[in-house]
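To start, the structure itself, in structure tokens.
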Amino acid sequence: MKINPFVYGTVVLVIFLGVIFGFQGAGVWSTSGKVDGAGKGIQPSAADVNTIKGWMTLEQVSTTFNAPVAEILSAFNLPADTPPSTALKDLESDTFDITGLRTWLQNRKKP
């Protein structure tokens with residue numbers, strides 16, 4: 001018995017994507033990195049600046065590291081009217097990047 005290659009390819013694709021979308025729909029599989037296995041939102045850790053991710057907002061970083069948004073904006077020459085809800089990745093420019101923010105926060109902590 002011969003299987004039509006088109007049918008075989010379609011069946012393999014449907015099974016492959018069905019598993020992925022099925023588990024995502026059930027809330028078991030997340031590829032965003034924004035939630036952990038239990039579905040709780042990931043927050044930066046004040047103990048480790050390397051937990052800061054590009055999708056996090058200025059407000060999250062400000063709250064976690066006790067650094068006023070205005071101070072962050074000033075330190076990196078960003079517009080003062082930048083909303084705190086802005087994702088860090090959206091601010092990337094010649095004067096601001098996440099690595100620079102991590103370094104600035106580490107140095108800021110030191111007396």
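A Cβ distance below 7 Å, combined with a sequence gap of six or more or placement on separate chains, defines the contacts here; from region 69-97, residues that are assigned to a helix (DSSP H, G or I) reach residues that are of a type in the set (Gly, Ala, Ser) and buried (at least 16 other Cβ atoms within 10 Å of the Cβ) in the pairs 69/62; 72/62. Scanning region 63-111 for residues that are of a type in the set (Gly, Ala, Ser) and buried (at least 17 other Cβ atoms within 10 Å of the Cβ) yields one hit, 67.
Rule-based calculations on the coordinates, nothing more; no lab input. These numbers were taken from a predicted model, which means no experiment stands behind them. Neighbour counts are summed over all protein chains in view; Cβ atoms, including those assigned to glycine, are modelled from backbone coordinates with ideal geometry.
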